[in-house]
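What follows is a single structure, written as structure tokens, with notes after it.
Read-outs throughout are calculated quantities, based only on the coordinates presented, and are distinct from any laboratory measurement. For clarity, every value in this text was computed on a predicted model and none was experimentally measured. Reconstructed Cβ throughout: ideal geometry from the backbone, glycine too, with neighbour counts over all protein chains shown.
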Amino acid sequence: MLKSIKVNLEAIEAMLYFWQAASEKENVAESFFYDVASMRGMKLAYNTDFNAESVRKVLSAIKNRELLSDATKAEKRFWNNNMWMMEDLEYTSSMAAPIKVLNLDPMIQLINERIPDIKNEELEVIFAPLHLEEYYVKDNTLIINFFRVKPSDFDDNTFIGEVKLEDYIMEKLMAMCK
């Protein structure tokens, strides 16, 4: 029986600081890049083309206002997405605002009703600044690419693609639990 769904925003909180600091040309310590690279949400999305060194290299290049050379497609996308966040910090804040107040507790009962033999007692939803994919699933964890979060221009809804954020999360959690 599912008892909890935890939301992890650790990487997003760190990156909100970085995007602000880098856009204002403040010095960000190299150790910060290693800390971000070791965060759970980042580590779970690593593969042969994108790893902790990729995170360090890209964030260091952004901090130092350097172009990225000898980069994989995933590293280039990560660099591009981070640069985009710094172009309009107000939009970045509007992306982060709905996930900071996200309450997934109502989903617990729905998932238990729809999947009565669920094996997991806890699920985790992590938002992380990733690269190519929209989301990753690792064991009982759903990792959502923060760069795919889109606040509506017309109302208070938030989307990933064309799907409302809460519906998107519910759909992915249900698929994970089957």
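In the chain, Rg over Rh equals 0.99, where Rg is the alpha-carbon radius of gyration and Rh the Kirkwood radius from pairwise Cα distances.
What are the equivalent ellipsoid semi-axes of the stretch 10-93, built from the alpha-carbon gyration tensor (square roots of five times its eigenvalues), in whole angstrom, biggest first? Intermediate results must be reported in sequence, preceding the final value.
Details: eigenvalues 68, 42, 31 Å².
Rounded to whole Å, the semi-axes are 18, 15, 13.
Extension gain for R65-D156 works out to 29.3 nm (0.36 nm per residue, less the C-alpha to C-alpha distance).
Per-residue 3J(HN,Hα) values for the stretch 140-149, derived from phi via the Karplus relation 6.51 cos²θ - 1.76 cosθ + 1.60 with θ = phi - 60°, read 9, 10, 9, 10, 9, 6, 4, 5, 8, 6 Hz in sequence order (x marks Gly and Pro). Per-residue ellipticity at 222 nm computed for the chain from its helices equals -15000 deg cm²/dmol, with DSSP H segments shorter than 4 residues left out and the rest contributing -39,500 (n - 2.57). Between the amide H of L123 and those of S4, I5, K6, distances stay under 5 Å, these residues lying 5 or more places away or on another chain, with hydrogens modeled in the peptide plane.
Here the label points at S38 and K3, each 7 Å from Cα along the C-beta direction, are separated by 2.9 nm in the simple model.
Peptides 124-134, 59-69 ordered by packing proxy, namely the average of other Cβ atoms within 10 Å per residue, highest first: 124-134, 59-69. Taking a straight line from the alpha carbon of K43, these lysines sit under 16 Å away, with near neighbours fewer than eight places off in the same chain left out: K57, K138. Zone of E13 (label point 7 Å along Cα→Cβ, backbone N under 13 Å): which residues in the stretch 67-109? Taking a point 7 Å out along Cα→Cβ of E13, the residues of the stretch 67-109 whose backbone N falls under 13 Å are 100-101.
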